[in-house]
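Chemist: Got a structure for you, written out below as structure tokens; questions coming shortly.
The values are calculated or read from the model by the stated rules, or taken from the named source; none is laboratory data. Computed from a predicted model, the values in this text were never measured in an experiment. Here the Cβ positions follow ideal geometry from the backbone for every residue, glycine too, while neighbour counts run over all protein chains shown. These area figures cover heavy atoms from the full protein model, side chains too; ligands, DNA and RNA do not enter into them. Shrake-Rupley method; radii C 1.70, N 1.55, O 1.52, S 1.80 Å.
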Amino acid sequence: MGTYGYVRVSTKEQNEDRQIIAMQAFGVTDPCIILDKQSGKDFECPGYRRLVQKLKAGDTLVIKSIDRLGRNYDEILAQWRLLTKEKQVAVVVLDIPLLDTRQGRDLTGVLIAGIVLQLLSYVAQTDKP
């Protein structure tokens, strides 16, 4: 069972160091950190696509914040379902401890995580520059 980190910045000029440092502090090793320098308007980023293909049941995906995953409300929710339900991958959002799907979560925790995910996905979409 592997632990992978996904780092995305919207432009080549943006600095990804803050996200990489957070991944390393969580324990994600450098070879398992996937970086995209591309807008999060959709999920067609090449690094993300490769990562999703690589992830298997029992793996953990770590992201710094939900808007690093994407900026489209419906697509964020669809990807979350793909990762957590279909692929059975745990997802950890470092900035929001409630969005941690690793084992041991009770039904109330899962419900709260779902509500928080929907709210933050909406904010990520409406917070576009």
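Chemist: Using modelled amide H (1.01 Å from N, peptide plane; none on Pro or chain starts), what sits under 5 Å from the amide H of residue 62, excluding residues fewer than 5 places away?
Modeler: Here 4, 5, 6, 92 satisfy the definition.
Chemist: With the cut-off at 1.5 for a/c, could you classify the stretch 1-63 from its C-alpha gyration tensor as rounded, prolate or oblate?
Modeler: In terms of gyration-tensor shape, oblate.
Chemist: Could you give the nm distance between label points at residue 26 and residue 11, where each point is 7 Å from its Cα heading toward the beta carbon?
Modeler: Label-label distance for residue 26 and residue 11, simple model: 2.6 nm.
Chemist: Sticking with this one: Accessible surface of residue 20 in the full protein assembly, 1.4 angstrom probe, to the nearest 10 Å²?
Modeler: We get 40 Å² for residue 20.
Chemist: Work out how much length residue 50 to residue 96 would gain on full extension: take 0.36 nm times their residue separation and subtract the Cα-Cα distance, in nm to one decimal.
Modeler: Value of the extension gain: 14.1 nm.
Chemist: Among the helices of the chain (complete DSSP H runs), which have Cα atoms covering no less than 20 Å along the helix axis and a Kyte-Doolittle mean of at least 0.5?
Modeler: Both cut-offs are met by 107-126.
Chemist: If you don't mind, another one. Out of [x] 20, 18, 14; [y] 31, 15, 11; [z] 28, 16, 13, which label holds the value of semi-axes √(5λ) of the Cα gyration tensor in Å that was computed here?
Modeler: The value matching this structure is [x].
Chemist: Sequence gap at least 6, Cα distance under 8 Å: using those rules, report the relative contact order of the chain to the nearest whole percent.
Modeler: After rounding, I find 24 percent.
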